[in-house]
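Q: Below you'll find the structure I mean.
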Amino acid sequence: MSPESRIIELETRQAFQDDTIQALNDVVVEQGRVIERLQLQMAELIKRHEEMVGQYGSEGEEAPPPHY
């Protein structure tokens, strides 16, 4: 294999690796956005849950079921 063809092969591999790295980076960035959005949604759900527990959980003992 001549030095010139070796250089061409190495440059070709590097170009494919650069494309792969960029594609993987794009996926990681998108996953980071999704995780951030899910964390915000989870925090909102926890807040709503705590509000509901505060409203309905502070009545003392549970009321008897409707059939009593």
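Q: For the stretch 1-32, how many residues meet the condition of being over 35 Å from the mean Cα position of the chain (by Cα) and assigned to a helix (DSSP H, G or I)?
A: 8
Q: With the structure loaded, tell me whether GLU51 is surrounded by 10 or more Cβ atoms within 10 Å (Cβ to Cβ), at pLDDT below 95 and not in a loop (DSSP other than H, G, I, E, B) or whether it fails that test.
A: It is true that GLU51 is surrounded by 10 or more Cβ atoms within 10 Å (Cβ to Cβ), at pLDDT below 95 and not in a loop (DSSP other than H, G, I, E, B).
The values are calculated or read from the model by the stated rules, or taken from the named source; none is laboratory data. Keep in mind that what you see is a predicted model, and the values were worked out from it rather than measured. In this analysis, Cβ positions are derived from the backbone assuming ideal geometry, glycine residues included, and neighbour counts consider all displayed protein chains.
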